[in-house]
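Notes follow once the structure below has been shown.
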Amino acid sequence: NAVKKFNSAGTMQWTGSPGAGTVTSLALGVGADTSVYVGTSSQIRKLSMSTGTVDATFTTNTNTGSGAGMTVSNLGVPALAVQSTGGIIAGISANSNNGNGYLVGINTSGLNLAGFTRNGGTAITSAPASIAIDSSNNIYAVGGFSGYLKRMSSTGTTTSTPETTFNTAVASKLTAAPKAVAVDSSGRVYVVGDFTGRLKRFSSAGVEDTTFSSNANIAALATGALAIAIQTDGKV
């Protein structure tokens, strides 16, 4: 039920206690936003990146009033990602007391993100396992929904040409839901999981790089993988 920060030498800097159940995901603020956003089994909390202190003014556990925050279900927040424009994109596990959907946007105060289309319209029908944001703040989510990998605009829509082209192209390329998704600085999209191929790379238009996927190290992933990250030098 804790979040720990270590420096580059591995020395622990602080331990934060977000409360509100078991920690299920986290994401770092971008640019001037020096916060750590933590998904738990019943809430999203905001911690100081420098001290780990909980921001008591940030709350998403309301569904009433001006702006309205989302109500997180008791099943948790399996995925979080932060846009450079201040949008916090959250994957939510839904139950009967969550009327807000599976993919939602909130702002840095915890209220609904203005102009954001929840669930990618009708694209996201179950909780995303992982979310990634590209340099233009477009959103990529993976999960058990149709197609397994979806691209959405920065405001959560899927109806414009970049999104429809990408989503159509990748729809037949995955045999099961990926466990995680990441985007590199060139806008290429990587997914990893137990599907055939284990690790795949797609262009920003959804075209699969079959040369990349044939690498012997990828073939050695006999049971897939649970997470992926892209280094600044391009290594995966």
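The values are calculated or read from the model by the stated rules, or taken from the named source; none is laboratory data. What you are looking at is a predicted structure, and each value in this text was computed from that prediction instead of being measured. The accessibility values were calculated without ligands, DNA or RNA, using every heavy atom of the protein model including side chains. Shrake-Rupley method; radii C 1.70, N 1.55, O 1.52, S 1.80 Å.
In whole percent, how big is the carbon plus sulfur part of the accessible area of the chain, probe 1.4 Å, protein atoms only?
Carbon and sulfur atoms account for 51 percent of the accessible area of the chain.
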Ranked by GNM mean-square fluctuation in the chain (Cα springs under 10 Å), the top entry among A132, A123, A220 is A220
Non-local residues with an amide H under 5 Å from the amide H of W14, with H modelled 1.01 Å from N and Pro and chain starts lacking one, are K5
What is the extension gain from T175 to S50, computed as 0.36 nm multiplied by their sequence separation minus the C-alpha to C-alpha distance, in nm to one decimal? 40.8 nm
List the lysines whose Cα sits under 24 Å from the Cα of K200, skipping any in the same chain fewer than 8 residues away. K150, K173, K179, K235
Counting alpha carbon pairs within less than 8 Å and at least 6 residues apart, what relative contact order, in whole percent, applies to the chain? 10 percent
Hey, what number do you get for the chain at 222 nm if only DSSP H runs of n ≥ 4 count, each worth -39500 (n - 2.57), divided across all residues, to the nearest 500? -1500 deg cm²/dmol
Per Stokes-Einstein, at 25 °C and 0.890 mPa s, what whole-number D in µm² s⁻¹ belongs to the range 101-215, with the Kirkwood radius over Cα pairs as the hydrodynamic radius? 174 µm²/s
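Taking only protein heavy atoms into account and a 1.4 Å probe, give the accessible area per residue of the range 183-234 in Å². Present the calculation step by step, with values, prior to reporting the outcome.
Details: 2870 Å² over 52 residues.
Value returned for the range 183-234: 55 Å² of accessible area per residue.
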Could you run the Debye sum over the Cα atoms of the chain, one equal point scatterer each and no solvent, and tell me log10 of I(q)/I(0) at q = 0.15 Å⁻¹, two decimals? -1.02
Could you go through the range 209-215 in sequence order and give the Karplus-derived ³J(HN,Hα) for each residue, using 6.51 cos²θ - 1.76 cosθ + 1.60 with θ = phi - 60°, rounded to whole Hz, and x for Gly and Pro? 8, 6, 5, 4, 5, 8, 4
Just subtract the alpha-carbon distance of N215 and S185 from 0.36 nm times their residue separation and send over the number in nm, one decimal. 8.7 nm
Could you check which residue among N107, N217, N119 shows the biggest mean-square fluctuation in a GNM of the chain with a 10 Å Cα cutoff? N217
